[in-house]
Amino acid sequence: MTTRRTTLASRIGLPAAVVGLLLFTLFPVYWMVSTALDPKASLRGSDVLPSGIGFEHFEFVFDKGNFGTYLLNSAIVGLTTIVAAALLSLFAAIAVARFKFRFRTSVLIMILIVQMVPLEALVIPLFIQMRDYDMLNSLLGLSIVYIALSLPFAIWTLRGFVATVPKEVEEAAYIDGASWPRMFWSVLLPLVAPGLVATSIFAFITAWNEFVFAYTFMKGSDKYTAAVGIYQFFGENSTAWGPVMASSTLVTVPVMIFFVIVHRKLGSGLAAGAVKG
């Protein structure tokens, strides 16, 4: 009898725990989207259901808030960061994983140390450096900062992935007459692709969600990214919750859809890059 009760409790308890976890995780997303669609969002209070459905707040953030420009700026910065960080980190990972050179261990230690530095400690030095190079209020300058922030994690993760590729595979390609570029493109790149996807997503999220550097380095509102664009709806004495939630939805939903599409490669890439090599 005790065994049956235990089995019944486990059958009921596990699904209940899963449902509770899903509700706990998804409720903030529901609240964000429902508030964005609520025409009377400022009067909603603690009501679980919205008073109605409308797209007034989305129209407001595009027409009055210039949010389309901010999304475009974020997309430009994000794509630039992905491409540059992926290429630089991949070649750097190949160098530290495949070649023996002086101070190789020191380079790896420095990569870890840089990753542990708080981002807040880098704001003033990077601001001064960008000012000296006349790259303030520039999407290119902001992209360079995000690339530098993404490289330590990306190099360390891809190093573990490159190290798992047997050297015999590369040697077999050379024996078959392949040049290094041909071997890289046809052999090495497909094998490290999951790790490259994982690091590219990390670089994109870094550029897409970052606020402090974008707010500090961008002087003109036409150069703001989406994360900074949301801030304009917070007033000194009041907050326009409808536009805040509408702009937050526009920033969040595309990233969530992207994660659903690539989540398998993301998980395998992070796991393999973290435990191997």
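Each reported figure results from applying straightforward, stated rules to the coordinates on display, with no laboratory input. None of the values given here were measured: they were computed from a predicted structure. Heads up, the Cβs are rebuilt from the backbone with ideal geometry, glycines too, and the neighbour counts pull from every protein chain shown.
Across region 93-106, computed HN-Hα scalar couplings (Karplus, 6.51 cos²θ - 1.76 cosθ + 1.60, θ = phi - 60°) run 5, 4, 5, 7, 8, 9, 10, 9, 8, 5, 6, 4, 5, 5 Hz from first to last residue, x flagging Gly and Pro. A DSSP coil position with no more than 15 other Cβ atoms inside 10 Å describes the following trypsin sites (Lys or Arg not before Pro) in region 156-259: Lys219. Dividing the summed -39500 (n - 2.57) terms of all DSSP H runs of n ≥ 4 by the residue count of the chain sets its mean residue ellipticity at 222 nm at -25000 deg cm²/dmol. Please count, across the chain, the pairs of lysine residues with Cα atoms under 22 Å apart that sit 8 or more places apart or on different chains. Taking the chain as the scope, the lysine pair count is 7. Packing-based ranking of 87-94, 146-153, 22-29 yields 146-153, 87-94, 22-29, ordered from highest to lowest mean Cβ neighbour count within 10 Å.
Per-residue 3J(HN,Hα) values for region 192-206, derived from phi via the Karplus relation 6.51 cos²θ - 1.76 cosθ + 1.60 with θ = phi - 60°, read 9, 4, x, x, 5, 5, 4, 5, 5, 5, 4, 5, 5, 5, 4 Hz in sequence order (x marks Gly and Pro). With the cut-off at under 16 Å, measuring from each backbone N in region 201-232 to a point 7 Å along the Cα-to-Cβ line of Leu119 picks out 201-218, 225-231. Put simply, the amide H of Met218, placed in the peptide plane, has neighbours under 5 Å in Asn137, leaving out anything fewer than 5 places away on its chain. With θ taken as phi - 60° and the Karplus curve 6.51 cos²θ - 1.76 cosθ + 1.60 applied, the whole-hertz 3J(HN,Hα) list for region 230-235 is 5, 5, 5, 8, 8, x Hz, x standing for glycine and proline.
Packing order of peptides 111-117, 58-64, 225-231, highest average first: 225-231, 58-64, 111-117 (average count of other Cβ atoms within 10 Å over each peptide's residues). When only alpha carbons of region 1-125 are considered, Rg and Dmax amount to 25.5, 69 Å. Length gained on full extension, Lys64 to Leu88: 4.7 nm, using 0.36 nm per residue less the C-alpha separation. Label-to-label distance for Arg98 and Phe234 is 4.6 nm, based on points extended 7 Å past Cα in the beta-carbon direction. If the chain linking Trp185 and Leu79 were pulled fully straight, counting 0.36 nm for each residue of separation and taking away their Cα-Cα distance, it would gain 36.0 nm.
One chain, two ends: Ile53 and Lys167. Fully extended at 0.36 nm per residue, the span grows by 35.1 nm beyond their Cα-Cα distance.
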